[in-house]
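The values are calculated or read from the model by the stated rules, or taken from the named source; none is laboratory data. Worth saying up front: this structure is predicted, and the values here are computed from it rather than measured. Cβ coordinates were reconstructed from backbone atoms using ideal geometry, including for glycine residues, and neighbour counts include every protein chain displayed.
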Amino acid sequence: MEKLWVDFQNAGHEGVRLICTGAVKELHDKAIKLHEGLQLIVWQDDEDSNGKADNLMVEAVVKYSFKDKCWVAQFDENKLMHESQLNKK
């Protein structure tokens, strides 16, 4: 499953909007074509309490949001985890 950087603070009505500069650049660089139902792992950089990288990530499904007038990634917020938590499973 392809990974895509997002800004989790760029939440819209139906998911995190895939319109920030970083996400758009990564979509272009990886030649990812957005379409309904595309499954991705969306992630954002984060650190643990010691300053070590421990990125946030979650599986998401892409859809076009007519409310937000852009593509969004929908995910279950309860499944959003740090990478270190995923590696323990």
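Assorted remarks:
- Scanning region 46-69 for residues that are over 13 Å from the mean Cα position of the chain (by Cα), assigned to a strand (DSSP E or B) and within 21 Å of ILE32 (Cα to Cα) yields TYR64, SER65.
- Single residue of region 59-78 satisfying the filter (over 16 Å from GLU2 (Cα atoms) and acidic (Asp, Glu)) that is surrounded by the most Cβ atoms within 10 Å (Cβ to Cβ): ASP68
- Conditions (1) without any contact (Cβ under 8 Å) to a residue 12 or more places away in the chain; (2) of a type in the set (A, V, I, L, M, F, W, C); (3) surrounded by 13 or more Cβ atoms within 10 Å (Cβ to Cβ); number of the one not met by LEU56: (1)
- Candidates MET81, MET1, filtered to the one that is within 13 Å of the chain's Cα centre (by Cα), modelled with pLDDT under 95, loosely packed, with under 13 Cβ neighbours inside 10 Å and of a type in the set (A, V, I, L, M, F, W, C): MET1
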